[in-house]
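Here the structure comes first, spelled out in structure tokens, and everything after it is commentary.
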Amino acid sequence: MAAFVDIKNVSLRYGPAAGGVLALDDVSLSFERGKFIAVVGPSGCGKSTLLKAIAGLWPTTSGSLRVGDEEVRGPLKIVGMAFQNATLLPWRNTLENVLLPLQVVETHRDHFRRNRRQHEERALALLESVGLADFAEKSVWELSGGMQQRAQLCRALIHEPSLLLLDEPFGALDAFTREELWVVLQRLWLEKKPTVVLVTHDLREALFLADGVHVMSARPGTFVAERRFAAPRPRPLEVIYDHGFVDVVHELRARIDEARSARGAPPRATVGAR
Ligand SMILES: Nc1ncnc2c1ncn2[C@@H]1O[C@H](COP(=O)(O)OP(=O)(O)OP(=O)(O)O)[C@@H](O)[C@H]1O
Ligand SMILES: [Mg+2]
């Protein structure tokens, strides 16, 4: 099958050629439609930058980046995003937050206005599927952190994107809530099978959810390894305690440590298998 996302020899430099920051260096990665891909690597290596480039939010400096059959030249409309440290808008209730992309993205706006009821029903169904049926009319500050992350997932999915980009979507949560949300995300993915790129520091999260986990070197980021855990889906949460699973997590951790020390990074503080 042809690649849905096809990244070839992409480099991305912020700022001027002299004195700017080279964030990505000769990155290549391609995967088919419907795959779930995870990207891990040391802090500051360029993971969020890669997502910004795929989404068309930041231009690449060289190389080729194609999504579908098109070279990415500007913001993509088929993308759903839940970005690092993203927040819900406090002056909108939960349902209105989920509906936001339909109201602000020009291509959806007209359709939304004409079919508001239908879209609201879809948003409510999504909220129900993540256990937030009773919170649609609640203010954002009445939701716990885990509930807000669930609502953000719904917001990223409301326009049924064929490409879902998730940047540390569960970063700030306790371990139990995070594991619960892995199961939720796995179910949402299995229902519609969007192509997913998940950036995370949590190696178990990456391996549990993804078809393949790609390890980036320290900045300037480039892919240096890939690991997989082959298990049928839906995967029960208990697989994270399997010997095979734990072994691959250790391998991933070792690859990241190598990547860090290869470029003289500071001692491990934030990276590792949580
Ligand atoms: N808008 C920007 N302008 C200039 N430099 C930037 C910009 N955004 C990111 N950078 C730099 O690019 C490099 C990669 O940043 P990026 O945010 O992609 O890292 P990351 O892998 O997502 O890190 P983390 O795991 O901490 O989120 C860093 O050195 C960062 O300082
Ligand atoms: Mg980041």
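The values are calculated or read from the model by the stated rules, or taken from the named source; none is laboratory data. These numbers come from a predicted model, not from an experiment. FYI the Cβ positions are ideal-geometry reconstructions off the backbone, even for glycines, and counts take in every protein chain you see. Ligands, DNA and RNA are excluded from the accessible area calculation, which covers all protein heavy atoms including side chains. Shrake-Rupley method; radii C 1.70, N 1.55, O 1.52, S 1.80 Å.
Below 8 Å between Cα atoms, with a sequence gap of 6+, how large is the relative contact order for the chain in percent?
Once normalised by length, the contact order is 25 percent.
If R₀ is 41 angstrom, what is the calculated FRET efficiency for the pair ASP26 and LYS77, using the beta carbon separation as r and rounding to 0.05?
Efficiency at R0 = 41 Å is approximately 0.90.
Leaving out ligands, DNA and RNA, what percent of the accessible area of segment 164-231 is carbon and sulfur, probe 1.4 Å?
Heavy-atom surface of segment 164-231 belonging to carbon and sulfur, 1.4 Å probe: 52 percent.
Calculate the length of the line joining the C-alpha centroid of segment 187-230 to that of segment 158-172, in whole Å.
Going from one Cα centre to the other spans 13 Å.
When N is the residue count of segment 87-160, what does its C-alpha Rg come to as a fraction of 2.2 N^0.38 Å?
Against the empirical 2.2 N^0.38 Å value, I get 1.01 for segment 87-160.
Given a Förster distance of 35 angstrom, what is the FRET efficiency for ALA18 paired with THR107, based on the Cβ-Cβ distance and rounded to 0.05?
That pair, ALA18 with THR107, gives E of 0.35.
Given the peptides 16-28, 90-102, arrange them by the average over their residues of other C-beta atoms within 10 Å, most packed first.
The packing order, highest mean first, is 90-102, 16-28.
Which length gain, in nm to one decimal place, applies between ALA172 and HIS250 when the Cα-Cα distance is subtracted from 0.36 nm times their residue separation?
Computed gain between ALA172 and HIS250 is 25.8 nm.
Nearest 20 debye, what's the magnitude of the dipole of the chain about its Cα centre given +1 on Lys and Arg Cβ and -1 on Asp and Glu Cβ?
That gives the chain a dipole magnitude of about 460 debye.
Using the structure shown, list the pairs from LYS52/LYS77; LYS8/LYS192; LYS77/LYS138; LYS35/LYS193; LYS52/LYS193; LYS47/LYS193 with a Cα-Cα distance above 19 Å, or answer none.
Values: LYS52/LYS77 13 Å; LYS8/LYS192 27 Å; LYS77/LYS138 29 Å; LYS35/LYS193 8 Å; LYS52/LYS193 21 Å; LYS47/LYS193 23 Å.
Exceeds cut-off: LYS8/LYS192; LYS77/LYS138; LYS52/LYS193; LYS47/LYS193.
Find how much the distance from GLU160 to ARG66 grows on full extension, using 0.36 nm per residue of separation minus their present alpha carbon separation; answer in nm with one decimal.
Here the segment from GLU160 to ARG66 would lengthen by 31.8 nm.
If packing is taken as the mean number of other Cβ atoms within 10 Å per residue, what is the order of 154-166, 136-148, highest first? Provide the component values of the computation, followed by the final result.
Numbers: 154-166: 22.1, 136-148: 15.3.
My ranking of the peptides, most packed first, is 154-166, 136-148.
For the chain, list log₁₀ I(q)/I(0) at each q in 0.09, 0.16 Å⁻¹, using the Debye formula over Cα point scatterers of equal strength and ignoring solvent, two decimals each.
After summing over all Cα pairs, the log10 values are -0.42, -1.30.
Among 198-205, 128-135, how do they line up from the highest to the lowest mean number of other beta-carbon atoms within 10 Å?
Packing proxy ranking, top to bottom: 198-205, 128-135.
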